Amino acid sequence: MSKYGFSTNSIHAGEEPDFREGATGDVVAPVHLSTTFARKQVDIPTAGYEYTRSLNPTRKALETKLASLENARYGLTFSSGLAAETTVLLALVKSGDHIVAFDDLYGGTKRLFNHIFNEYGIDVSYVDASDAASVEAAIQPNTRLVWIESPSNPLLKVCDIRAIAGITHQHGLLLLVDNTFLSPFFQKPLDLGADLVVHSSTKYIGGHSDVLGGAVLLADTALYEQIRHRQNAVGAVLSPLDSYLTLRGVKTLALRMERHQQNALSIARYLERHPKANRVIYPGLASHPQHELSKAQSSGFGGVLSFEIKGSVVDAKKFLESLHIFALAESLGGVESLIELPAAMTHSSVDPETRRKTGITDTLIRVSAGVEDIEDLIEDIEQALKQI
Ligand code: P1T
């Protein structure tokens, strides 16, 4: 583990200047666009590099950096969060296996389970993992993996990662935590007992809504080799230019996360007092059911909150379409504030009955607080709420 702090690692890890003979001492990791690497002798790849799908120096710099930020031994980066998830599943489960998954997950992750892996004989049970006992109750003899997000998307439910890791390991299973919402700055699931962390680095890690990517971080060598083998075999890798953009973005992660959180908390407090808002959900509010747990297992609450418009779907849409600064868009974690209607956008692939059961109502709005001036953000919300 590195002796340096989070910000120091986010800037320097994986990007130490190279002073060897012939090297130029770049302070920023060079972008290695070459798809292939020449060698002098048939049996000896130059510095271990053969072909960019297998290994690329720019991608490796990012993987080293992300591993240091999650206190992981190994990092792998992918062309998207879903590419990371797909590759992990290809490595960890086979036909006849069973997964216990949180019932509140990103809609695309549920689509991957229900529409793709189900067809290959992988069975998934969805449970409310914010109650750790329900995870244990769903374990079957063929269960291989427990898959959670904490906080979850879009309901910001928080799971007791330590407790679930305990249960998972008692049954000889693996625990995967999607840490996209808090980023390693606020939460390090491996330190809490998880076996694997996945990220959509499209979000806070990249931070600027200009690069799609995914990451897997872990400590176990055998698991790492399995996932790396599948990644190379299916080709789900992050490109050199996207690795560079992500390296550039992640250097300011600590600064951004502090501000995202500050703005999210201010917006949540404002909405809690507003007569046209209902059910404001943010783990940083004392009213959140797992506020104390969040404080115990994470060093912050993140930049995403959800709430309901007191009114109809038409009112919710009118509000969203009246905003000037908030972009009405999917995704989260960029410097710009984003807002969306999960039932119609990010979670439209989840069937309406499941949405209703899990609490994703048609008027639920998800906010990704950016890092703009908070006065401008509140004023924008205020004027849009006046339109309904
Ligand atoms: O979009 P992609 O980089 O493939 O990542 C998928 C993904 C995985 N995990 C979580 C928690 C996510 O939120 C996402 C992507 N989510 C959105 C695009 C969204 O607006 O919620």
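Explain nothing, just the number: dipole magnitude of the range 220-377 about its Cα centre with +1 on each Lys and Arg Cβ and -1 on each Asp and Glu Cβ, in debye rounded to the nearest 20.
On the way: 18 positive and 19 negative charges, 49 e Å.
For the range 220-377, the charge dipole is close to 240 debye.
Can you check how the C-alpha radius of gyration of the range 216-302 compares to 2.2 N^0.38 Å, as a plain ratio? Walk me through the numbers on the way to the answer.
Values: Rg = 19.2 Å, N = 87, 2.2 N^0.38 = 12.0 Å.
It is 1.60.
Taking the Cα centre as origin and putting +1 on Lys and Arg beta-carbons and -1 on Asp and Glu beta-carbons, what dipole magnitude results for the chain, to the nearest 20 debye? Write out the running numbers ahead of the final one.
On the way: 36 positive and 46 negative charges, 61 e Å.
Using Cβ point charges on Lys, Arg, Asp and Glu, the chain gives about 300 debye.
Name the aspartates and glutamates eligible as straight-distance cross-link partners of LYS317: C-alpha to C-alpha under 14 Å, and not fewer than 8 places from it in the same chain.
Correct list for LYS317: GLU308, GLU340, ASP362.
Hey, for a label at TYR120 modelled as a point 7 Å past Cα toward Cβ, could you say which residues of the range 231-253 have their backbone N under 19 Å away?
The answer is 231-238.
Would you mind checking the pairs LYS157/LYS318; LYS60/LYS251; LYS3/LYS188 and listing those with alpha carbons more than 18 angstrom apart? Kindly include the intermediate steps, with their values, before the conclusion.
Values: LYS157/LYS318 27 Å; LYS60/LYS251 16 Å; LYS3/LYS188 16 Å.
Beyond 18 Å between Cα atoms: LYS157/LYS318.
Give the distance, in whole Å, between the Cα centre of the range 135-184 and the Cα centre of the range 203-265.
20
Subtracting the Cα-Cα distance from 0.36 nm times the residue separation, let me have the gained length for GLU336 to SER348 in nm, one decimal.
Numbers: separation 12, 0.36 × 12 = 4.32 nm, distance 2.32 nm.
The GLU336-SER348 span can extend by a further 2.0 nm.
If you average the C-alpha positions of the range 341-375 and of the range 40-64 separately, how far apart do those two centres end up, in angstrom?
41
Contact order normalised by length for the range 253-385, with contacts defined as Cα pairs under 8 Å and 6 or more residues apart; what percent is it? Before the final figure, lay out each step's value.
Numbers: 215 pairs, mean separation 37.7, N = 133.
Reported as a whole number, the value is 28 percent.
Could you pull out the longest piece of the chain with no exposed loop trypsin sites (Lys or Arg not before Pro) in it, calling a site exposed if DSSP puts it outside H, G, I, E, B and it has at most 11 other Cβ atoms within 10 Å? List each step's numbers first, then the result.
Details: sites that count: LYS3, ARG20, LYS40.
Here the longest segment lacking exposed loop sites spans 41-388.
If the only charges are +1 at each Lys and Arg Cβ and -1 at each Asp and Glu Cβ, what is the size of the charge dipole of the range 19-119 around the Cα centre, to the nearest 20 debye? Working shown, then result.
Working: 11 positive and 11 negative charges, 66 e Å.
Roughly 320 debye, rounded to the nearest 20.
First measure r as the distance between the Cβ atoms of ARG356 and ARG273, then evaluate 1/(1 + (r/R0)^6) with R0 = 25 Å and state the FRET efficiency to the nearest 0.05.
Working: r = 28 Å, r/R0 = 1.12.
Step by step, r from the Cβ atoms, then E = 0.35.
So for the chain, averaging the separation of alpha carbon pairs under 8 Å that are six or more residues apart and normalising by length, what relative contact order in percent results? Write out the running numbers ahead of the final one.
Details: 789 pairs, mean separation 64.6, N = 388.
Once divided by the residue count of the chain, the mean separation gives 17 percent.
Are there any chymotrypsin sites (Phe, Trp or Tyr not before Pro) in the range 2-73 that are in a DSSP loop and have at most 11 other Cβ atoms within 10 Å? List them by number. Numbers along the way, then the final one.
Details: sites: TYR4, PHE6, PHE19, PHE37, TYR49, TYR51; in loops: TYR4, PHE19, PHE37.
Passing sites in the range 2-73 are PHE19.
Can you give me the relative contact order of the range 196-295 as a percent, contacts being Cα pairs under 8 Å and 6 or more apart?
So the answer I get is 21 percent.
Semi-axes of the equivalent ellipsoid for the range 9-135, please: Cα gyration tensor eigenvalues, times 5, square-rooted, ordered largest first, whole Å.
Details: eigenvalues 293, 74, 26 Å².
Computed over the range 9-135, the values are 38, 19, 11 Å.
For the chain, what % of the accessible area comes from carbon and sulfur atoms, probe 1.4 Å? All intermediate terms of the calculation are to be shown ahead of the outcome.
Working: 8630 of 16380 Å².
Carbon with sulfur: 53 percent of the solvent-accessible area.
What residue among SER312, TYR282, HIS260 has its Cα farthest toward the positive end of the dipole of the range 248-326, where the charges are +1 on Lys, Arg and -1 on Asp, Glu, each on the Cβ?
Farthest along the dipole direction, towards plus: HIS260.
Just tell me which aspartates and glutamates come within less than 15 Å, Cα to Cα, of LYS110; anything on the same chain fewer than 8 places away is out.
GLU85, GLU119, ASP123, ASP128, GLU149, ASP178, ASP351, GLU353
The values are calculated or read from the model by the stated rules, or taken from the named source; none is laboratory data. Predicted model only: the values in this text are computed from it and were never measured. With ideal geometry, Cβ positions are generated from the backbone for all residues, glycine too; neighbour counts draw on all protein chains shown. Remember, those area values only see protein heavy atoms, side chains included, never the ligands or the DNA or RNA. Shrake-Rupley method; radii C 1.70, N 1.55, O 1.52, S 1.80 Å.
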